[in-house]
Amino acid sequence: MDPLNTTQSGMPESEAAAEARRLLDEWAGQPVRHHPTSFRDDTEPPAFGATPPVEQDDQRIVPAWAAGIAVASIGVGAGITGIGCGAWLVLHGLASVTLNSVLMVTLPFAGLAMAATAIGGAISKARSTVTKHLYEGPVTHHTEIHNHSTTRGAFFARTRNEIR
């Protein structure tokens, strides 16, 4: 039996409402149970006592690998910060690039490249030896070509050339 889809109830509407009200009143009349979740001692502590305070040494021991990771992470963070600042400076400078500034920056490099090319050419020319080959007498060149050609097939013909 499905209580949500029934067309007839066991009791009239007014009796069902009265029974529901009685059950709710019965539940609300029960005492509320409180479960404490914490405790606070409000008694005043003594100003002084018979026992002197005991010093408690701080003896936390950090493993070597943890200290190494901490130092390495600080170094990596500082390095990345430096790289980021350098990139910012470069990109900030590139954002305001003009043709004159590019020419002024590249001019020394172009001058060095031109000087290196000239020096390399001079050294190469000084090191090269002068050789002159003189051939005296008749020169003959004899070439024989024997071509043997065969063709096979009709539609997709294949020609084979043998040169000897």
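So, taking all protein chains as they sit and a 1.4 Å probe, how much accessible area belongs to His34, in Å² rounded to tens?
Here the accessible area works out near 150 Å².
With only Lys, Arg, Asp and Glu charged, each at its Cβ (+1 for the first two, -1 for the last two), find how big the charge dipole of the stretch 113-163 is about the Cα centre; round to the nearest 20 debye.
Here the size comes out at about 260 debye.
Which chymotrypsin sites (Phe, Trp or Tyr not before Pro) does the stretch 15-59 hold that lie in a coil by DSSP with at most 14 other beta carbons within 10 Å? Spell out each step's value before the answer.
On the way: sites: Trp27, Phe39, Phe48; in loops: Phe39, Phe48.
When the chymotrypsin sites (Phe, Trp or Tyr not before Pro) of the stretch 15-59 are filtered for loop state and at most 14 Cβ neighbours within 10 Å, Phe39, Phe48 remain.
Do any trypsin sites (Lys or Arg not before Pro) in the stretch 35-125 lie in a loop, going by DSSP, with at most 14 other beta-carbon atoms within 10 Å of their beta carbon, and if so which?
Arg40, Arg60
With the dipole of the chain worked out from charges on the C-beta (+1 for Lys and Arg, -1 for Asp and Glu) around the Cα centre, which of Leu94, Val62, Ala115 lies farthest toward the positive end?
After comparing all options, I get Ala115.
Give the shape of the chain as rounded, prolate or oblate, defined through the alpha-carbon gyration tensor: a ≥ b ≥ c are the square roots of its eigenvalues, a/c under 1.5 means rounded, and otherwise the shape is prolate if a/b is larger than b/c and oblate if not.
On the way: a/c = 4.02, a/b = 1.87, b/c = 2.15.
Oblate.
Measure nothing but the geometry: give the 0 to 90° angle between the long axis through the Cα atoms of 64-95 and the longest principal axis through the Cα atoms of the chain, rounded to 10°.
60
Only four residue types carry charge here, +1 at the Cβ of Lys and Arg and -1 at the Cβ of Asp and Glu. Report the dipole size of the chain about the Cα centre in Debye, rounded to the nearest 20. Mind showing how you got there, number by number?
On the way: 12 positive and 15 negative charges, 507 e Å.
Computed about the Cα centre, the dipole is about 2440 debye.
Considering only Pro31, Thr51, Gly82, whose Cα is most displaced toward the positive end of the charge dipole of the stretch 1-125, charges sitting on Cβ of Lys, Arg (+1) and Asp, Glu (-1)?
Toward the positive end, the furthest listed residue is Gly82.
Measure off, as a whole percent, the carbon and sulfur share of the 1.4 Å-probe accessible area of the chain, all protein chains present.
Details: 10640 of 16910 Å².
In the chain, the share of accessible area belonging to carbon and sulfur is 63 percent.
For the stretch 14-77 and the stretch 88-128, what is the separation of their Cα centres, given in Å?
Using only Cα atoms to place each centre, the spacing works out to 71 Å.
Which GluC sites (Glu not before Pro) in the stretch 74-164 pass both tests, a DSSP loop state and at most 16 other beta-carbon atoms within 10 Å?
On the way: sites: Glu136, Glu144, Glu162; in loops: Glu136, Glu144.
The qualifying sites are Glu136, Glu144.
What accessible area per residue comes out for the chain, rounded to a whole number of Å², with a 1.4 Å probe? Walk me through the numbers before you get to the answer.
On the way: 16910 Å² over 164 residues.
Value returned for the chain: 103 Å² of accessible area per residue.
If I model a spin label as a point 7 Å beyond the Cα along the Cα-Cβ vector, how far apart are those points for His146 and Arg127 in nm?
Here the answer is 5.0 nm between the modelled labels.
So what's the angle, to the nearest 10 degrees on a 0 to 90 scale, between helix 99-127 and the longest Cα principal axis of the chain?
Orientation of helix 99-127: about 40 degrees from the principal axis.
Can you tell which of Pro63, Pro108, Pro36 shows the greatest fluctuation in a Gaussian network model of the chain with Cα springs below 10 Å?
Comparing Pro63, Pro108, Pro36 in a Gaussian network model of the chain, the most mobile one is Pro36.
Could you give the nm distance between label points at Val71 and Glu136, where each point is 7 Å from its Cα heading toward the beta carbon?
Here the answer is 8.4 nm between the modelled labels.
The values are calculated or read from the model by the stated rules, or taken from the named source; none is laboratory data. Predicted, not measured: the structure shown is a model, and the values here were computed from it. Cβ coordinates were reconstructed from backbone atoms using ideal geometry, including for glycine residues, and neighbour counts include every protein chain displayed. For accessibility, only protein heavy atoms count, side chains too; no ligands or nucleic acids. Shrake-Rupley method; radii C 1.70, N 1.55, O 1.52, S 1.80 Å.
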